[in-house]
Amino acid sequence: MNRLAEATSPYLLQHADNPVDWYPWGEEAFARAREEDRPILLSIGYAACHWCHVMEHESFEDAETARLMNERFVCVKVDREERPDLDALYMDAVVALTGHGGWPMTVFLTPQGEPFFGGTYYPPEPRHGLPGFRQVLVAISDAYRERRGDVGRQAGALVEAIASSSAAQPSREPLTEGLLTGAARTLARSFDREWGGWGRAPKFPPHATLELLLRLHARTGDDEALAMVEATLDAMAAGGMHDLVGGGFHRYSVDERWVTPHFEKMLYDNALLASAYLHAWAVSGHERHRQVAERTLAYLLRELRLPEGGFASAQDADTDGVEGLTFTWTPEELADVLGQRRDDLLEPFEHGRFVVRGDLSDEERDRLLAARERRAQPARDDKAIAAWNGFALAALAEAARRLDRRDLLAAAEQLADFLLGALSDEHGRL
């Protein structure tokens, strides 16, 4: 056991048995780095993250890699959901260095906490244009010892870039209707007219964009705005990233068709998407949007609700170390439950397993869910985050009113009590 054994974060506890001499973020780690003049290796991730698990298994559980880390660095683990301030700061540095971000995030710092190099996932051996993690460890350690001036200049440049971006002044131009219509035109130009959504793979659910366009349609009657929303909602709902069996959405799709997900399920995605589908139903009257909203809320209440009335942060992507094991099927498993071959419902995933996509009857959905619940289940990150619970409160309360659902109202009231009780201090602050 390392120093993370006393942590409360489920993510930090996942790493408590690593041979890496992890420190939690704090003065103890920085004091040792200053005393021994060592760089800090900062690793940031979250409990439900598939690639965080991959890097842990490949590198942080490997004795030789851990030896290099322990000998050359002071190693610090951070849960991005527990410390979003640190995650945002060092993500800015990684994006400035590499042009992209993500998790696991790997950042090398001076003993004063200034970043000078970073990236995301590193494989154990060089592949796909990425250096092996042990190569990175040796190169960074050698650079810190032998080219301290270069390290200092890089750290100074990064700190200056982050400071200047955070000091940007807001526009003094008036907010006009033209900003909304201009945004809609820009979104229309980049809209994926075949598969819905914006951009190429990977695709993340664009909750805020959908809400903007729905409000724009309601305000101005812009039919193209509504058409983009409905095409995206329908494409996402068809299955794959959307869990047709148990309700709710996985975090993102690795392909542009919304078919193959990374299987973690996050509270914030599902709360925001429940609201988006509910609002689409309120605007369009299409029952399919209402059904997705209700099934998404049912998933939250069934799988993420805590005994105290709040909601857990996430469900893991992996089960027993295998990504998507709980959520995927073989053709034979599906036929055993449904009583007939339904290969038309199956889209290939990995290792002979498939995701479900297509039209399921309520009876088929119930039978598949009952069978799936008998399997091993993914771990749940039972950390309660005030902001994400706020999204859930909004979704539950509005759905209760619009759908006249007293059970959803009761859940919203219990969640509000949780936010004002366990998640508030003695002064009533969240």
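Which residues, counting only those in the range 8-43, are touching a residue at least 60 places away in the same chain (Cβ under 8 Å), more than 21 Å from the chain's Cα centre (by Cα) and assigned to a loop (DSSP other than H, G, I, E, B)?
Selection gives Trp25, Asp37, Arg38, Pro39.
Which one of these does Gly113 not meet: (1) under 26 Å from Arg34 (Cα atoms); (2) surrounded by 21 or more Cβ atoms within 10 Å (Cβ to Cβ); (3) modelled with pLDDT under 95; (4) not aliphatic (A, V, I, L, M)?
Gly113 satisfies every listed condition except (2).
Any residue that is over 17 Å from Val138 (Cα atoms) and among the charged types (D, E, K, R) - is there at least one of those in the range 65-78?
Looking for residues that are over 17 Å from Val138 (Cα atoms) and among the charged types (D, E, K, R), one finds at least one in the range 65-78, hence yes.
Look at the range 220-259 and say how many of its residues are under 15 Å from Ala280 (Cα atoms), out of contact with any strand residue (DSSP E or B) (no Cβ under 6 Å at 6 or more places or on another chain) and either among the aliphatic types (A, V, I, L, M) or open to solvent by 10 Å² or more (accessible area, probe 1.4 Å) (or both).
The number of residues fulfilling the criteria is 14.
Among the residues of the range 44-64, which ones are farther than 15 Å from Ser313 by Cα, open to solvent by less than 20 Å² (accessible area, probe 1.4 Å) and either of a type in the set (Ser, Thr, Tyr) or part of a loop (DSSP other than H, G, I, E, B) (or both)?
Ser59
Name every residue in the range 91-109 that is buried (at least 23 other Cβ atoms within 10 Å of the Cβ) and at pLDDT below 95, in order of residue number.
Within the range 91-109, just Ala93 meets the criteria.
Take Leu97 and decide whether it is under 21 Å from the mean Cα position of the chain (by Cα), among the hydrophobic types (A, V, I, L, M, F, W, C) and part of a helix (DSSP H, G or I).
no
Identify, please: which residue in the range 141-184 is more than 30 Å from Ile40 (Cα to Cα) and not in a helix (DSSP H, G or I) and is, among those, least open to solvent (accessible area, probe 1.4 Å)?
Start the filter on the range 141-184 by keeping residues that are more than 30 Å from Ile40 (Cα to Cα), which leaves 169-184.
Now restrict to residues that are not in a helix (DSSP H, G or I): 169-176.
Details: Gln169: 152, Pro170: 102, Ser171: 89, Arg172: 222, Glu173: 137, Pro174: 91, Leu175: 159, Thr176: 74 Å².
Within the range 141-184, the match that is least open to solvent (accessible area, probe 1.4 Å) is Thr176.
Would you check which residues across the range 119-137 are open to solvent by less than 50 Å² (accessible area, probe 1.4 Å) and either at pLDDT below 90 or not polar (S, T, N, Q) (or both) and list them?
Once the filter is applied, which keeps residues that are open to solvent by less than 50 Å² (accessible area, probe 1.4 Å) and either at pLDDT below 90 or not polar (S, T, N, Q) (or both), the range 119-137 yields Gly119, Tyr121, Tyr122, Pro123, Pro124, Gly132, Phe133, Val136, Leu137.
Whether any residue in the range 251-263 is in a helix (DSSP H, G or I), touching an Asp or Glu at 6+ places or on another chain (Cβ under 9 Å) and β-branched (Val, Ile, Thr) is what I want to check.
For the range 251-263, residues in a helix (DSSP H, G or I), touching an Asp or Glu at 6+ places or on another chain (Cβ under 9 Å) and β-branched (Val, Ile, Thr): absent.
The values are calculated or read from the model by the stated rules, or taken from the named source; none is laboratory data. Every value quoted in this text rests on a predicted model; they were computed, and no experiment measured them. All Cβ positions, glycine included, derive from the backbone under ideal geometry; neighbour counts span all protein chains shown. Surface areas here come from the heavy atoms of the whole protein model, side chains and all, with no ligands, DNA or RNA. Shrake-Rupley method; radii C 1.70, N 1.55, O 1.52, S 1.80 Å.
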